[in-house]
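Just so it is clear, none of the values below were taken in a lab; they were calculated from the coordinates. This structure is a prediction, so every number in the text was calculated from the model and none was measured. Here the Cβ is made from the backbone with ideal geometry for all residues, glycine too, and neighbour counts use every protein chain on show.
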Amino acid sequence: MMWMDHRAKEQADFINSHDHNVLKYVGGKVSLEMQTPKLLWLKSHMKSTWAKAAYFLDLPDFLTLKTTGQFSRSLCSMVCKWTYMCDGQTQGWDLNFFKAIGLEDLADNDWVKIGKEMVAPGTECGRVSAAAALEMGLCESTHVATSVIDAHAGGIALVAAEAKTKQDLIGRLALICGTSTCHMCVSVDPIFAHGVWGPYYSAMIPGYWCAEGGQSATGALVDHVIKTHPAVNKNPDKNVYEWLEGILDEMAEKQSLCSSTFLTKDLHLYPDFHGNRSPLADPSMVGMICGLTLDSSERSLALLYLATLQALAYGTRQIIEQLTTCGHNITSVLMCGGLSNSSLFIQTHADALGVPVLIPQEQQSVLLGASILAATASGDYPDLTAAAVAMGGKARTFEPRKDVKRYHDQKFAVFKKMQSDQKDYKHIMSGM
């Protein structure tokens, strides 16, 4: 079942209707994108398959199993997505939780179906098996590192960019921008924030607590906005994003504006087309657009594209507000992924968030994070933190521009008003 699969909404609602201690560590609500609602859906809708299943695996653990031939589970995956409890002193599955939600049979044979052995990120979990070595062209003696979720691998690399010591890892928010976006930071002590997943102990950087926010559709939203607009067919044979950003620059110049930022004064977009992951934790939220006209030209598409980028930045700003309110101190943002190839996307975030945005020279942060895990497992570094600091690399900094601050403050106020208005509309129609 794919990560973005939302079929388990009923099961997530059922789990969240109970007062479980484990929910404290997922921002107060388990997401329908996480594994326990999906497991419950499988048990409810595919009974014969459920009865025959020997193991349930997340992709990172499936890959290490196929590579080594040995069963172990990534502490990252289990803590972040499977409700495995770990607080630095004790760890284990909460049997009472699984009984309450109807998944108590997973405890059979000492939890063998979902995992008995949890291994910290970067720990060696075996060597490449003979079969895997032949298939992948590797040596059988190759060390295999315990995996992490792909976004968390990017998070390891991002928070380590330009870091000189392990203290430099604190106060940085890593944005792994793909189809959706994950927002991750680490802290020395556990910080609980409603609507933000975690705190997860040792799930990303061993010994630190990880907080994870997110937006369910970002790259997917940008693509949707562009592909569903009639003017996309007018695009000359070149990069569509560069084409649209060129149109925006031309429009700003014709209107004697110092920045294309100001072009969306009368166009506002609310970006939760696929539900809100953080900080509302409400999958029923939908997208909204205010300011549409009959214009279907390429200029209309360019403005809608800009409004979308700004709305995504305001979503991140709201996540940062929640993190800050609860005790985090975010001093910079670091980005990787497809959207971070756009200088407009990057600068819009720096301006809207009011903090520097750093873009690592090594743009494949997820691969770099995987390399940091591998270097740790090989014994080249004493621990993962030392490997991350040594391998984090350089980054380019985008500073926020003061002349657009007030504009973004006002647009962010509109963003939050659209959010509250949508809730009001649902309340009005709730009796129908």
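Quick rundown of the values:
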| quantity | calculated |
| --- | --- |
| Whole-angstrom gap from segment 147-185 to segment 382-405, using each part's C-alpha centre | 9 Å |
| Translational D in µm²/s for the chain (Stokes-Einstein at 20 °C, 1.002 mPa s, Kirkwood Rh from C-alpha pairs) | 94 µm²/s |
| All lysines inside 29 Å of residue 234 as judged from Cα atoms, apart from same-chain residues fewer than 8 positions distant | 254, 265 |
| C-alpha center-to-center spacing [segment 310-342, segment 91-137] in angstrom | 32 Å |
| Intensity falloff of segment 242-318 expressed as log10 I(q)/I(0), Debye formula with alpha-carbon point scatterers, at q = 0.12, 0.27 Å⁻¹ | -0.38, -1.27 |
| Cβ-placed point charges (K, R +1; D, E -1), dipole of segment 1-147 about Cα centre in debye, nearest 20 | 280 debye |
| Mean Kyte hydropathy of -0.5 or more with a Cα span along the axis of at least 30 Å, helices from DSSP in the chain | 298-326 |
| Convex hull volume of segment 28-71 per residue (C-alpha atoms, cubic angstrom) | 92 Å³ |
| Cleavage-rule hits (trypsin sites (Lys or Arg not before Pro)) in segment 124-213: DSSP loop, at most 11 neighbouring Cβ within 10 angstrom | 164 |
| Farthest positive-ward along the chain dipole, Cα basis, beta-carbon charges - from 276, 239, 361 | 276 |
| Flagged links, alpha-carbon separation over 24 Å, of 47/426; 9/47; 47/99; 9/426; 24/405 | 47/426; 24/405 |
| Charged-residue dipole, Cβ positions (Lys, Arg, Asp, Glu), segment 208-324 about Cα centre, Debye nearest 20 | 120 debye |
| Segment residue 234-residue 139, length gained on full extension (0.36 nm per residue, minus Cα span) | 29.1 nm |
| For segment 1-147, convex hull of alpha carbons as volume per residue, Å³ | 123 Å³ |
| The chain - mean residue ellipticity at 222 nm from DSSP helices (-39,500 (n - 2.57) per run, n ≥ 4, rounded to 500) | -12500 deg cm²/dmol |
| Antiparallel bridges, percent of DSSP beta bridges restricted to the chain (to nearest 5) | 70 percent |
